[in-house]
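Shown next, in structure tokens, is the structure this report addresses.
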Amino acid sequence: MTRLHVVTGKGGTGKTTVAAALALALAAEGKRTLLVEVEGRQGIAQLFETEALPYEERKIAVAPGGSGEVYALAIDAERALLDYLQMFYKLGSAGRALKKIGAIDFATTIAPGLRDVLLTGKACEAVRRKGRDGRPVYDSVVMDAPPTGRITRFLNVNDEVAGLARIGPIHNQAQAVMRVLKSQDTAVHLVTLLEEMPVQETVDGVAELREAGLPVGGIVINMVRPRILDAEAVRAAEGHRRTDVAKALSQAGLGGARRGGHAERLVGPLLEQAREHAERLGLEREQRAELAGLGLPAYELEFLGDGGDLAGLYRLAADLRKQGVAEEGS
């Protein structure tokens, strides 16, 4: 059975990067994953250093180990609506005429619920799709979804289209989408940082998803920085005389230890940075405790200092696999 992984997170937490790394992780060992973008930003193409994705499924990467494949699709609401109109109403050239006069854009603007059911519906169709042999075409579908603040409304399409259509194809499509989204084969993962605002938005997002009956998966803590010094180490350093610290720096080749020497001038700034680092670790412990209270699986990904190139993306995918995300998603 194909599983759907929906990835959301507050803006700036790196949710698109995490979605891409998750797709790579799930595609290992000969499996096939579809990575879906719904916001029209072409973020996936940038991450994989490829040309802009068209409105069709395209192979963009080979998973770690060389046996699995990642396909990608940028879902366009306008094209999805044209597909929908052709499927149910056989409009053909009339559908293209609607596009020319702007009717498609008008429809999705005045009825955002319709736009959402089209976007989620395309992803859910990939989840349900079977090949000629009767087996699922994809082992996993990963959706790079809208931010946490909009995710519940985006996924809860049945409520969104209730005012538009209580019967007919749109209503039936929304119900079919909700059967996938609320099934045990779907998981909504939330990406966060160890900072107060992203963590609070994550906590609120989990509460909203649970209230709507949508299945919450795990928490991905992104951009985790290494722990160098804790508060105890800082106190130990401050307990030494400044002259001793300066001598140690001088012996390491950082200049003179006497007053005014380069090593001596470094002591104050270094101790201040150490204090700030220890304070940040304390705040991060508080945020970890807040996330732990959600009772969900948590995965941590390192901060990529080089800005996150393709090699870094594969490294994050390997980290997710080591932490068992593939087993959770199988």
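Selection of helices (runs of 4 or more DSSP H) fully inside segment 236-330 by the criterion of at least 3 residues being at pLDDT below 70 and not β-branched (Val, Ile, Thr) returns 242-251, 262-292, 325-329.
Under the condition of being farther than 17 Å from residue 299 by Cβ, part of a helix (DSSP H, G or I) and either aliphatic (A, V, I, L, M) or in contact with a helix residue (DSSP H, G or I) (Cβ under 7 Å, 6 or more places away or on another chain) (or both), the residues counted in segment 204-233 number 5.
For segment 310-326, the set of residues classified as free of Cβ contacts under 8 Å to residues at least 40 places away in the same chain and open to solvent by 50 Å² or more (accessible area, probe 1.4 Å) consists of 311, 315, 322, 323, listed by residue number. Please work out if residue 284 is over 29 Å from residue 20 (Cβ atoms) and among the acidic types (Asp, Glu). No: the conditions fail for residue 284.
All of 137, 142 fail the test of being touching a His at 6+ places or on another chain (Cβ under 7 Å) and at pLDDT 95 or above, apart from 142.
Assessment of segment 161-178 against the conditions (modelled with pLDDT of 95 or more, open to solvent by 40 Å² or more (accessible area, probe 1.4 Å) and in contact with a helix residue (DSSP H, G or I) (Cβ under 8 Å, 6 or more places away or on another chain)) yields no matching residue.
Screening residue 191 with (1) in contact with a helix residue (DSSP H, G or I) (Cβ under 7 Å, 6 or more places away or on another chain); (2) modelled with pLDDT under 95; (3) of a type in the set (A, V, I, L, M, F, W, C) gives one miss only, at (2). Residues that are part of a loop (DSSP other than H, G, I, E, B) and among the small types (Gly, Ala, Ser) within segment 1-55 comprise 11, 12, 14, 27, 28, 30, 40, 52, listed in sequence order. Within segment 112-126, the set of residues being open to solvent by less than 10 Å² (accessible area, probe 1.4 Å) and modelled with pLDDT under 75 comprises just one member, 113. Applying the set (1) more than 13 Å from the chain's Cα centre (by Cα); (2) within 17 Å of residue 145 (Cα to Cα) to residue 2 leaves exactly one unmet item: (2). Could you list all residues from segment 10-59 that are of a type in the set (D, E, K, R), in contact with a helix residue (DSSP H, G or I) (Cβ under 6 Å, 6 or more places away or on another chain) and at pLDDT 95 or above? The answer is 10, 37.
Within segment 127-145, the set of residues being closer than 11 Å to residue 177 by Cα and surrounded by fewer than 18 Cβ atoms within 10 Å (Cβ to Cβ) comprises just one member, 128.
The values are calculated or read from the model by the stated rules, or taken from the named source; none is laboratory data. Only a predicted model underlies this, so the values are computations on that prediction, with no experimental measurement involved. As a convention, Cβ positions derive from the backbone with ideal geometry for all residues, glycine included, and neighbour counts pool all protein chains shown. All accessible areas refer to the heavy atoms of the entire protein, side chains included, with ligands and DNA or RNA removed. Shrake-Rupley method; radii C 1.70, N 1.55, O 1.52, S 1.80 Å.
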